[in-house]
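A.B. asks: Here's a structure for you.
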Amino acid sequence: MANQAPIVIVGTGLSGYSLVRELRKLDKETPVVMVTADDGVSYSKPMLSTGFTKGKDAQGLAQAETEAMAAQLGVEVRTFSTVTGIDTEAHELVLGDQRLGYSKLVLAWGADVIRLGLAGDGQDHVHSINDLMDYRAFRTALEGGQRVAIMGAGLIGCEFANDLRIGGYEVDVIAPDTAVMPSLLPGAAANAVQHELAELGVRFHLGTVVERVDRCERGVRLTLGNGETLDADLVVSAVGLRPRVELARAAGIEVGRGIQVNRALETSAPDVFALGDCAEVDGQVLLYVLPLMACARALAKTLTGERTDVRYGTMPVMIKTPCCPTAVCPPPAGVEGEWVVEQEGSDVKALFNSPSGEVLGFAVTGRFAVEKQALAKEVPPIHQD
Ligand SMILES: Cc1cc2nc3c(=O)[nH]c(=O)nc-3n(C[C@H](O)[C@H](O)[C@H](O)COP(=O)(O)OP(=O)(O)OC[C@H]3O[C@@H](n4cnc5c(N)ncnc54)[C@H](O)[C@@H]3O)c2cc1C
């Protein structure tokens with residue numbers, strides 16, 4: 001019977017474990033089964049791009065083993081169990097040839113890395129780092145190497161560039177845009193970060209793409225769209241993430257850029273909820289920690305009988321480039337206004353002002369980065385009610 005089945009949560013990333021922590025504050029009894037495709041080890045994903053800065057390898061970044069999490073939270077965790085379908089009518093998850101009944105189902109299964117279809121025979125040297133297991137493989141592959149090429153100059157590419165330089169590696173960054181983090185930072189702030197990374201020794205190849213990765217005598221040779229070639233021991237692909245929606249779509253659940261949920265985190269299927277990197281919450285796809293924490297708190301209440309809407313406050317993002325500390329709170333997409341920039345070298349304070357002078361977003365770098373908390377208080381919350 002569906003009402004005797006456990007609450008089932010798919011995913012043991014920050015979303016899955018944060019939700020269970022919040023749930024257990026309210027209800028220690030209801031059976032909860034967590035299902036994950038990986039090893040279930042608890043870790044903080046943002047730390048993956050700070051391993052060398054913090055002097056930690058994959059083992060050092062692990063916060064708790066799966067068994068310890070299960071015992072501490074009073075849940076069952078099924079590791080290396082990949083969900084292959086959802087039977088929303090029967091209230092059952094499909095795991096290959098097995099089925100698992102649920103009373104309520106929470107999808108917290110994250111986002112997939114975008115993989116570029118590159119030519120060449122060096123693909124096994126290309127690493128995408130989106131979980132602790134990826135990071136372990138990356139650190140193992142890095143042993144004995146010196147040169148890392150990073151595809152992508154977004155937040156993750158820039159953070160890895162800084163971290164690997166701190167680790168003593170030679171770093172080349174290749175990206176099609178002409179500035180770093182173009183979708184996140186206004187020009188002056190982006191230039192400041194790029195300048196400080198370059199001062200640290202990061203070599204940028206912007207306005208071009210990697211077309212081929214071929215094995216060579218030592219590592220791989222990358223051929224760029226501008227005709228340049230460069231050699232590396234290993235390539236990090238940081239070209240973006242896409243919410244995992246396919247299994248939900250196949251189950252008839254409505255999806256857009258992510259699995260669509262309302263502010264109570266309900267999908268279009270009864271008793272199925274979603275949060276974290278896989279979810280599009282009331283039209284917002286925010287692949288960051290603060291939104292998923294807010295969702296976890298609200299959903300825990302809903303799952304324990306007090307239907308609660310999530311409320312997003314301001315959501316500043318800290319960019320972990322210690323060579324140029326940076327924080328940004330992007331203005332809402334499409335909103336009217338303009339950036340007003342105050343700058344001294346790589347210290348930038350950019351405010352996005354509405355026509356009436358209201359601060360709708362900001363980006364601060366260098367010595368202005370300390371103003372992030374004060375500025376965040378000035379910016380209106382995402383959900384205004
Ligand atoms: C390098 C890096 C640095 C970052 N830095 C920051 C930062 O500084 N600040 C910030 O706010 N955000 C940062 N982020 C983003 C943030 O880490 C993510 O938004 C957050 O960790 C997502 O958590 P999640 O639980 O939703 O997804 P995930 O952590 O991806 O968890 C997904 C879970 O679902 C499981 N799963 C997937 N598919 C299946 C399936 N079919 N069956 C069973 N299980 C499945 C996986 O095994 C995993 O357990 C960073 C991300 C990266 C990659």
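The values are calculated or read from the model by the stated rules, or taken from the named source; none is laboratory data. All values derive from a computational prediction rather than experimental measurement. All Cβ positions, even for glycine, are placed from backbone atoms using ideal geometry, and neighbour counts span all protein chains on display. Quick note on the areas: whole protein, heavy atoms, side chains included, nothing else; ligands and nucleic acids left out. Shrake-Rupley method; radii C 1.70, N 1.55, O 1.52, S 1.80 Å.
A.B. asks: Within the chain, how many Lys pairs that are eight or more residues apart, or on different chains, come under 14 Å at the alpha-carbon?
C.D. replies: Within the chain, the lysine pair count is 9.
A.B. asks: With a cut-off of at most 15 other beta carbons within 10 Å, and DSSP calling the residue loop, which trypsin sites (Lys or Arg not before Pro) in the range 282-372 qualify? Please list them.
C.D. replies: Counting only loop positions with at most 15 other Cβ atoms within 10 Å, the trypsin sites (Lys or Arg not before Pro) in the range 282-372 are 307, 311.
A.B. asks: Still on this model: How large is log10 of I(q)/I(0) for the range 223-338 at q = 0.11, 0.19 Å⁻¹ when the intensity is taken from the Debye formula with one equal scatterer per alpha-carbon?
C.D. replies: -0.53, -1.05
A.B. asks: Once R0 is set to 22 Å, what does the formula 1/(1 + (r/R0)^6) return for the Cβ-Cβ distance between residue 383 and residue 318, expressed as a FRET efficiency to the nearest 0.05?
C.D. replies: So, using R0 = 22 Å, E works out to roughly 0.55.
A.B. asks: Here is a follow-up. Looking at the range 80-197, what % of the alpha carbon pairs are farther apart than 25 Å? Could you put the intermediate results ahead of the total?
C.D. replies: Working: 3128 of 6903 pairs.
Above the 25 Å cut-off, the range 80-197 has 45 percent of its Cα pairs.
A.B. asks: Skip the ligands, DNA and RNA, and give the accessible area per residue of the range 115-237 with a 1.4 Å probe, whole Å².
C.D. replies: Value for the range 115-237: 42 Å² per residue.
A.B. asks: Shifting gears a bit: Where does each of 64-74, 103-113 land if you order them by average Cβ count within 10 Å, highest first?
C.D. replies: Ranked by mean Cβ neighbours within 10 Å, highest first: 103-113, 64-74.
A.B. asks: Related question: Which one, 368, 335, 353, is farthest towards the positive end of the dipole of the range 325-378 when Lys and Arg carry +1 and Asp and Glu -1 on their Cβ?
C.D. replies: 368
A.B. asks: Next up: Taking the chain as the reference, fit the longest principal axis to its C-alpha atoms, fit the long axis of helix 289-303 to the helix C-alpha atoms, and give the angle between the two in degrees, 0 to 90, nearest 10.
C.D. replies: Once rounded, one gets 0 degrees.
A.B. asks: Still on this structure, please answer the following. What FRET efficiency do you get for residue 358 and residue 226 if R0 is 30 Å and r is their Cβ-Cβ distance, rounded to the nearest 0.05?
C.D. replies: Efficiency at R0 = 30 Å is approximately 0.10.
A.B. asks: May I pose another question? May I ask you to give the percent of accessible area on the range 151-240 that is carbon plus sulfur, with a probe radius of 1.4 Å?
C.D. replies: Ligands and nucleic acids excluded, carbon and sulfur give 44 percent.
A.B. asks: Another question about this same structure. Kindly list the residues of the range 169-186 that lie in the label zone of residue 218, defined by a backbone N under 17 Å from the point 7 Å along the Cα-to-C-beta vector.
C.D. replies: 169-172
A.B. asks: Related question: Heavy-atom accessible area per residue, the range 325-378, 1.4 Å probe: how many Å²? Spell out each step's value before the answer.
C.D. replies: Numbers: 2820 Å² over 54 residues.
For the range 325-378, the per-residue accessible area is 52 Å².
A.B. asks: Quote to one decimal, in nm, the extra length available between residue 56 and residue 208 on full extension: 0.36 nm per residue of separation minus the C-alpha distance between them.
C.D. replies: Gain in length upon complete extension: 51.4 nm.
A.B. asks: With +1 on the Cβ of every Lys and Arg and -1 on the Cβ of every Asp and Glu, and nothing else charged, how large is the dipole of the chain about its Cα centre, in debye rounded to the nearest 20?
C.D. replies: About 600 debye.
A.B. asks: Within the range 49-70, whose backbone N sits under 19 Å from a point 7 Å along Cα→Cβ of residue 28?
C.D. replies: It comes to 68-70, nothing else.
A.B. asks: Using DSSP to define loop residues, name the trypsin sites (Lys or Arg not before Pro) in the range 1-50 whose beta-carbon has at most 16 other beta-carbon atoms within 10 Å.
C.D. replies: 28
A.B. asks: Using 0.36 nm per residue of separation minus the Cα-Cα distance, give me the extension gain between residue 71 and residue 199 in nm, one decimal.
C.D. replies: Answer, rounded to one decimal: 41.3 nm.
A.B. asks: So, how do all the Cα-to-Cα distances of the chain break down into 20 Å bins, in percent, from 0 on up?
C.D. replies: In order of increasing distance, the bins hold 27, 55, 19, 0 percent.
A.B. asks: Moving on. Using 1/(1 + (r/R0)^6) with R0 = 45 angstrom and r between the beta carbons of residue 311 and residue 115, what's the FRET efficiency to the nearest 0.05?
C.D. replies: 0.80
A.B. asks: Here is a follow-up. Is it possible to state the helix-based mean residue ellipticity at 222 nm for the chain, with each DSSP H run of 4+ residues giving -39500 (n - 2.57), the sum divided by total residues, to the nearest 500 deg cm²/dmol? What is it?
C.D. replies: On the way: 9 runs with 88 residues, N = 385.
Estimated from H runs of four or more residues: -6500 deg cm²/dmol.
A.B. asks: Considering the zone a paramagnetic label at residue 177 would reach in this model (a point 7 Å from Cα along the Cα-to-Cβ line), which residues of the range 309-331 have amide N under 19 Å from it?
C.D. replies: Inside the label zone: 315-331.
A.B. asks: Take the solvent-accessible surface of the protein heavy atoms, probe 1.4 Å, and return the percent of it on the range 325-378 that carbon and sulfur atoms account for.
C.D. replies: 51 percent
A.B. asks: Could you check the spin-label model distance between residue 79 and residue 347? Points 7 Å from the Cα along Cα→Cβ, value in nm.
C.D. replies: 4.8 nm
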